[in-house]
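Working notes, structure below.
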Amino acid sequence: MQTQSFKVAIIPGDGIGKEVTAEAVKVVEAVGKRFGRTFELEHLPWSADYYLETGVTIPPNGYDTLRGFDAIFIGALGDPRVPDNRHARDILLGTRFELDLYVNYRPVKLLHERLCPLKGRTPKDIDFTVFRENTEGVYVGIGGRFKPGTDEEVATQEEINTYRGVHRIIRYAFEFAAARGLSRVCMADKSNAMTHGHALWQRVFKEVAAQFPSIQATHYYIDALAMYMVLDPAQFQVIVTNNLFGDIITDLAATFQGGLGMAASGNIHPGRTSMFEPVHGSAPKFAGKNIANPVGAISSAALMLETLGLRDEAATVDQAVAAAVVAGECTIDVGGKLGTTEAGDAIIRRLAPL
Ligand code: NAD
Ligand code: IPM
Ligand code: MN
């Protein structure tokens, strides 16, 4: 068997990020061993602790360092001791922007009906993918505060939408659907109120949809989309939306899967170094207690393997995760009795032998 080596940067980050990353690393190493792949995992200490000790969020050459890896894995960033979240902005959002990771890939898949809070829904009803634009929108940090702290304070936060940015994420969503033999793509915006920025989304969606005549292109305003997600999630195959709306609806979608602990994501620029992380944050209340669910992190590692071209390895992890969760060998948030490390071990035990 051909031995191929992959260099991966590991940033465990803060809170439960450290605990779930340890489990994802265990799984990547175990699956690598089975398939004869070598992963050179380099742990980077960038976190709230590191920032509070050194005053550095990410070193000056940090993004270049990251570009030198085949992939990046992040646990979570956020710590009450850093109230302005400066380190998360530089490490997490900074990586998305600087590496131009314009596709935020967030698959939503229900593994067992007991996990879904929606009445009567089963795994066949909940299986869709959200593509969240990841480099523009309100996240760019353009704006300011005038007379801060006074009764006359004015605060602005601009939303940026560019033709190039909107086009490339919508196009990616259609290409993904076409490549997987899917028949529906839904775009969500707020063009009835945001008549400038989201008119651009409308125009580009129609333009791109016309190039994919075999795919049914539908549009909902984001408020209606939220309602339909709850009422009739089975109608969705691919959803594409902007940065902020994508953030919000993927927390909602995570609940369909059993909660934030289950949801995975990839931050991708096709053909370049991409970054993978669970959808959840650092959950400070849960930190250090061995109770956090590692599935979101482990499934994010599977997305990383898939993006590195290791499809069999990714599928092997996915089936092990599904088997463990279905069997109830999981953490308490999803109805099991196991701690974080034991839930990781249960998944490793279920990696199918070659
Ligand atoms: P959070 O995702 O950290 O936690 C919200 C709740 O979701 C938790 O209280 C818990 O009930 C549940 N939860 C989350 N992850 C879980 C897991 N693995 N297992 C079981 N339950 C889990 O969101 P928050 O409380 O809004 O944010 C906490 C910090 O994390 C903040 O600083 C925030 O900015 C940051 N954050 C970071 C990321 C990231 O790094 N990608 C994402 C979201 C939030
Ligand atoms: C996410 C998170 C981040 C975001 C925060 C931590 C800035 O909520 O990855 O979903 O809003 O993108
Ligand atoms: Mn979020």
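Sort region 271-322 into rounded, prolate or oblate with this rule: let a ≥ b ≥ c be the square roots of the eigenvalues of the Cα gyration tensor; rounded if a/c is under 1.5, and if a/c is not under 1.5, prolate when a/b is larger than b/c, oblate otherwise.
On the way: a/c = 4.19, a/b = 1.68, b/c = 2.50.
In terms of gyration-tensor shape, oblate.
Relative to a virtual label point 7 Å from the Cα of Arg272 in the Cα→beta-carbon direction, which members of region 101-141 show backbone nitrogen distances below 14 Å?
Only 101-104, 134-136 pass the distance filter.
Computed over the Cα atoms, what is the radius of gyration of region 278-354 divided by 2.2 N^0.38 Å, N being its residue count? Each step should come with its number before you reach the end.
Values: Rg = 12.6 Å, N = 77, 2.2 N^0.38 = 11.5 Å.
Dividing the Cα radius of gyration by 2.2 N^0.38 Å gives 1.10.
When 1/r is averaged over all different Cα pairs and the result inverted, which Kirkwood radius in Å belongs to region 136-286?
With all distinct Cα pairs of region 136-286 included, I get 17.3 Å.
Just to check I understand the Karplus step: with θ = phi - 60° and J = 6.51 cos²θ - 1.76 cosθ + 1.60, what whole-Hz values come out for region 122-130, glycine and proline as x?
Each residue's phi maps through the Karplus curve to give 10, x, 5, 7, 10, 7, 9, 10, 9 Hz.
Once Rh is set to the Kirkwood radius over Cα pairs, what Stokes-Einstein translational diffusion coefficient, in µm²/s, holds for region 107-220 at a temperature of 10 °C and a viscosity of 1.306 mPa s? Display every interim value, and only then the final one.
Details: Rh = 16.7 Å.
Result for D is 95 µm²/s.
Quick check: residue separation of Glu158 and Lys124 times 0.36 nm, minus the Cα distance between them. What number comes out in nm?
On the way: separation 34, 0.36 × 34 = 12.24 nm, distance 3.95 nm.
So the chain would gain 8.3 nm between Glu158 and Lys124.
So if each residue of separation counts as 0.36 nm, and I subtract the Cα-Cα distance between Asp100 and Gln319, what length gain in nm does that give?
Numbers: separation 219, 0.36 × 219 = 78.84 nm, distance 3.09 nm.
Working it through step by step, the gained length comes to 75.7 nm.
Using only the Cα atoms, work out Rg/Rh for region 15-158, with Rh taken as the Kirkwood radius, to two decimals.
Numbers: Rg = 19.6 Å, Rh = 18.7 Å.
That ratio is 1.04, to two decimals.
Report, largest value first, the span of the C-alpha coordinates of the chain along each principal axis, in whole Å.
Principal-axis extents of the Cα atoms in the chain, largest first: 54, 52, 41 Å.
Using label points projected 7 Å from each Cα along Cα→Cβ, tell me how many nm separate Tyr228 and His196, to one decimal.
2.8
Given a Förster radius of 25 Å and the C-beta distance between Glu207 and Arg184 as r, what FRET efficiency does 1/(1 + (r/R0)^6) yield to the nearest 0.05?
On the way: r = 18 Å, r/R0 = 0.72.
Computed FRET efficiency for Glu207 and Arg184 comes out at 0.85.
Scan the chain and hand back the longest stretch that contains none of the GluC sites (Glu not before Pro) lying in DSSP loops with at most 16 other Cβ atoms within 10 Å.
Details: sites that count: Glu152, Glu153, Glu158.
Value returned for the longest uninterrupted segment is 159-354.
Rounded to the nearest angstrom and ordered from largest down, what semi-axes does the equivalent ellipsoid of region 201-249 get from its C-alpha gyration tensor (root of 5λ)? Walk me through the intermediate numbers first.
Values: eigenvalues 80, 40, 14 Å².
Whole-Å semi-axes of the equivalent ellipsoid: 20, 14, 8.
In terms of Cα to Cα distance under 22 Å, which lysines are near enough to Lys26, apart from those fewer than 8 places away along the same chain?
Lys26 reaches Lys7, Lys18, Lys289, Lys337.
Given H placed 1.01 Å from N in the peptide plane, which residues other than close sequence neighbours of Phe73 have an amide H under 5 Å from its amide H?
Ala9, Ile10, Ile11, Phe276
With n ≥ 4 as the cut-off for DSSP H runs, can you work out [θ] at 222 nm for the chain, using -39500 (n - 2.57) per run divided by the number of residues, rounded to the nearest 500?
Working: 11 runs with 133 residues, N = 354.
For the chain, the value works out to -11500 deg cm²/dmol.
Aspartates and glutamates within cross-link reach of Lys119: Cα-Cα under 14 Å, excluding same-chain residues under 8 positions apart?
Within the straight-line cut-off, Lys119 pairs with Asp232.
So which trypsin sites (Lys or Arg not before Pro) in region 22-110 pass both tests, a DSSP loop state and at most 14 other Cβ atoms within 10 Å of the Cβ? Mind showing how you got there, number by number?
On the way: sites: Lys26, Lys33, Arg34, Arg37, Arg67, Arg81, Arg86, Arg89, Arg96, Lys109; in loops: Arg81.
The qualifying sites are Arg81.
How much of the accessible area of region 35-123, in percent, comes from carbon and sulfur atoms when a 1.4 Å probe is used? Let's see the in-between values first.
Numbers: 2030 of 4150 Å².
The computed percentage sits at 49.
Scaled to the compact-protein estimate 2.2 N^0.38 Å, what is the alpha-carbon radius of gyration of region 93-139, rounded to two decimal places? Don't skip to the answer; put the middle values down first.
Details: Rg = 15.1 Å, N = 47, 2.2 N^0.38 = 9.5 Å.
Ratio of Cα Rg to 2.2 N^0.38 Å: 1.59.
In nm, to one decimal, how far is the Tyr221 label point from the Asp151 one, both placed 7 Å along Cα→Cβ?
3.5
Rounded to whole Hz and in sequence order, give me ³J(HN,Hα) for region 259-265 from the Karplus expression 6.51 cos²θ - 1.76 cosθ + 1.60, θ = phi - 60°, writing x for Gly and Pro.
With the stated coefficients, region 259-265 comes to x, 4, x, 9, 8, 10, 8 Hz.
The values are calculated or read from the model by the stated rules, or taken from the named source; none is laboratory data. The shown structure was predicted, so the numbers you read here are calculated from the model rather than taken from an experiment. Glycine gets a Cβ as well: all are built from the backbone with ideal geometry, and neighbour counts include every protein chain shown. The accessibility values were calculated without ligands, DNA or RNA, using every heavy atom of the protein model including side chains. Shrake-Rupley method; radii C 1.70, N 1.55, O 1.52, S 1.80 Å.
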